[in-house]
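S.K.: I have a structure I would like to understand better, so I am pasting it below and will then ask my questions one at a time.
The values are calculated or read from the model by the stated rules, or taken from the named source; none is laboratory data. What you see is a predicted model, and the numbers here were worked out from it, not measured in a lab. As a convention, Cβ positions derive from the backbone with ideal geometry for all residues, glycine included, and neighbour counts pool all protein chains shown. We work out accessible area using only protein heavy atoms, side chains counted, and drop any ligands, DNA or RNA first. Shrake-Rupley method; radii C 1.70, N 1.55, O 1.52, S 1.80 Å.
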Amino acid sequence: MIVVMNPGVSKEEIEEVEKRLKNLGFGVHRSTGENRTIIGAIGAPKEDARDALQVMPSVEKVVIISQPFKMVSREFKQERTSFNVGGVEIGGQGVVLMAGPCAVEGRDAYLEAAEAVKKAGAQILRGGAYKPRTSPYSFQGLEEEGLKIMAEAREKTGMPFITEVLDQHSVEVVAQYADIVQVGTRNMQNFKLLRELGFIDRPVLVKRGMSATIEEWLMAAEYIVSGGNSMVILCERGIRTFETYTRNTLDISAVPIAKELSHLPVFVDPSHGTGNWRWVAPMSLAAVAAGADGLLVEVHPRPTEALSDGAQSLTPEKFQQMIELVEKVAQSIDRSLQPAV
Ligand code: PEP
Ligand code: MN
């Protein structure tokens with residue numbers, strides 16, 4: 001249930017409504033907009049509770065949200081969410097390109113990759129310092145050392161960076177370095193982790209779980225937003241189906257659906273979505289045509305030497321060629337590419 005306050009109400013009137021909601025057994029989340037305040041009442045909606053609020057003179061209207069996800073829904077907020085990360089607008093008119101290798105493999109290699117993706121036209125760096133690997137014998141990432149290397153790359157290139165957090169114990173260290181914190185597909189329903197991410201002052205990109213429905217994905221975002229962090233990005237990265245020709249089946253339809261249901265920015269990861277660099281460009285074009293606000297792409301200067309996901313990594317040259325096509329698609333739907341930082 002949401003309570004929309006009249007424009008220009010006083011702080012005391014807002015507090016009075018919040019007090020009444022708490023007395024009725026609701027959790028309260030205040031959202032202060034330019035013109036008016038909206039109060040999210042978290043808990044099962046009750047008809048009589050709605051009436052008790054509706055009669056208050058400071059209240060314009062009370063809306064019962066039909067979806068199980070509340071604060072991330074378009075019913076709660078009509079305008080699209082956008083925010084600025086190190087000079088890059090996420091969720092605005094411009095399509096954002098996040099790119100870099102799957103994992104941070106070493107200082108020199110990462111700095112080389114960072115310069116290359118910048119030159120190609122990306123605005124945000126990616127790279128894994130904590131890697132969720134299927135095999136315990138595979139490269140697990142450089143951990144904090146990797147974060148330090150990414151911070152150095154940010155200093156050298158001026159580009160903000162995104163990196164994955166694997167568990168709630170490393171939220172603090174990852175948030176200390178990273179500009180955007182990534183929740184991987186395997187962790188999309190790690191509710192303790194999601195709760196922790198509701199308390200941080202960093203945007204969080206939530207990958208769709210490989211077996212998650214769109215509703216479950218939005219509920220994961222709801223965990224973070226309801227905890228107080230409204231800077232959330234949804235990212236479709238492919239789901240498990242019976243198809244084995246691709247690593248995952250990239251669900252492009254999730255893009256317009258998520259954008260219809262939610263005000264949050266929606267990104268697509270065509271690299272994990274396909275598992276093969278040859279399909280990364282066509283799926284990127286499809287994603288932008290479908291309304292994606294940005295792409296998260298694996299790019300490696302020498303994919304054959306990559307310690308993880310080389311098969312799906314583009315070379316910087318191929319990435320640059322792809323960007324030229326992405327820009328054309330963006331322009332054809334009255335969007336543009338975000339300018340470089
Ligand atoms: C990644 O982006 O590095 C990653 C591991 O992705 P996913 O969680 O989508 O598999
Ligand atoms: Mn990867």
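S.K.: What do you get for the angle between helix 214-226 and the principal long axis of the chain? Use alpha-carbon atoms, 0 to 90 degrees, nearest ten.
M.R.: 70
S.K.: Using alpha-carbon positions, what is the distance between the centroids of the stretch 302-341 and the stretch 240-276, in Å?
M.R.: 17
S.K.: If you don't mind, another one. Per residue and in Å³, how big is the convex hull formed by the alpha-carbon atoms of the stretch 2-63? Provide the component values of the computation, followed by the final result.
M.R.: On the way: hull volume 4.2 nm³, N = 62.
Taking the convex hull of the Cα positions in the stretch 2-63, it is 67 Å³ per residue.
S.K.: Highest mean first, how do 2-14, 138-150 rank when packing is the count of other Cβ atoms within 10 Å averaged over residues?
M.R.: Going by the mean number of other Cβ atoms within 10 Å, highest first, we get 138-150, 2-14.
S.K.: For the chain, modelled as a GNM with alpha-carbon contacts under 10 angstrom, which of 44, 287, 220 fluctuates the most?
M.R.: Of the options given, 44 has the highest mean-square fluctuation.
S.K.: Set the Förster radius R0 to 25 Å, insert the Cβ-Cβ distance between residue 79 and residue 111 as r into 1/(1 + (r/R0)^6), and round the FRET efficiency to 0.05.
M.R.: 0.05
S.K.: Residue farthest toward the positive end of the dipole of the chain, with Cβ of Lys/Arg at +1 and Asp/Glu at -1: which of 23, 38, 304?
M.R.: It is 304.
S.K.: Can you pull out the GluC sites (Glu not before Pro) in the stretch 189-222 whose DSSP state is coil and whose Cβ has at most 10 other Cβ atoms within 10 Å?
M.R.: Working: sites: 196, 215, 216, 222; in loops: none.
Of the GluC sites (Glu not before Pro), not one in the loops of the stretch 189-222 has a Cβ with at most 10 other Cβ atoms within 10 Å.
S.K.: Let me ask something additional. Test of understanding: in a Gaussian network model of the chain with alpha carbons linked when under 10 Å, which of 21, 193, 97 would top the mean-square fluctuation ranking?
M.R.: 21
S.K.: For the chain, what is the relative contact order in percent, using Cα pairs closer than 8 Å and at least 6 residues apart in sequence?
M.R.: Value for the chain: 17 percent.
S.K.: Mind giving me the nanometre distance, one decimal, between the label points for residue 324 and residue 249, set 7 Å out from Cα along Cα→Cβ?
M.R.: 3.5
S.K.: In a shell of Cβ-Cβ distance under 12 Å around residue 294, excluding residue 294 itself, what net charge do Lys and Arg (+1) and Asp and Glu (-1) give?
M.R.: -2
S.K.: Can you work out the accessible area per residue across the chain, with the rest of the protein chains kept in place, probe 1.4 Å, in square angstrom? Let's see the in-between values first.
M.R.: Values: 14720 Å² over 341 residues.
Value for the chain: 43 Å² per residue.
S.K.: Here is a further query. Checking the a/c ratio against 1.5 first, then a/b against b/c, what shape does the Cα gyration tensor give for the chain? Intermediate results must be reported in sequence, preceding the final value.
M.R.: On the way: a/c = 2.00, a/b = 1.88, b/c = 1.07.
Judged from the Cα gyration tensor, the chain comes out prolate (a/c at least 1.5, a/b above b/c).
S.K.: Taking the Cβ of residue 203 as the centre, find all other residues whose Cβ is under 12 Å away and add up their charges (Lys, Arg: +1; Asp, Glu: -1).
M.R.: Net of charged neighbours comes to -2.
S.K.: In a shell of Cβ-Cβ distance under 10 Å around residue 29, excluding residue 29 itself, what net charge do Lys and Arg (+1) and Asp and Glu (-1) give?
M.R.: Summing Lys and Arg as +1 and Asp and Glu as -1 gives +1.
S.K.: How much of the DSSP bridge set in the chain is antiparallel, in percent, rounded to the nearest 5?
M.R.: About 40 percent, rounded to the nearest 5.
S.K.: What is the distance in Å between the Cα centres of the stretch 62-90 and the stretch 143-201?
M.R.: Rounded to whole Å, the Cα centres lie 22 Å apart.
S.K.: Could you give the dipole magnitude of the chain about its Cα centre, charging the beta-carbon of Lys and Arg +1 and that of Asp and Glu -1, in debye to the nearest 20?
M.R.: Approximately 360 debye in magnitude.
S.K.: Separate question: Using a basic spin-label model with each label point 7 Å from the Cα along Cα→Cβ, how many nm lie between residue 241 and residue 54?
M.R.: 4.4
S.K.: For residue 317 and residue 211, compute 0.36 nm times the residue count separating them, minus their Cα-Cα distance, and round to one decimal in nm.
M.R.: 34.8 nm
S.K.: Carbon and sulfur together cover what percent of the accessible area of the chain at a 1.4 Å probe radius?
M.R.: 50
S.K.: Now for a different question. Could you grab the relative contact order for the stretch 274-341? Cα pairs under 8 Å, six or more apart, rounded to a whole percent.
M.R.: 35
S.K.: How about residue 19: which lysines have a C-alpha closer than 16 Å to its C-alpha, ignoring those fewer than 8 places off in the same chain?
M.R.: Result set, ordered by chain and number: 11.
S.K.: Let me ask something else. Could you run the Karplus curve 6.51 cos²θ - 1.76 cosθ + 1.60 with θ = phi - 60° over the stretch 271-280 and give me ³J(HN,Hα) per residue in whole Hz, x for Gly and Pro?
M.R.: So the Karplus estimates, Gly and Pro as x, are 6, 5, x, 10, x, 9, 4, 5, 9, 5 Hz.
S.K.: So, one more: If one takes the longest principal axis of the Cα atoms in the chain, at what angle in degrees, from 0 to 90 and to the nearest 10, does the Cα axis of helix 316-332 lie?
M.R.: Helix 316-332 sits roughly 40 degrees off the main axis of the chain.
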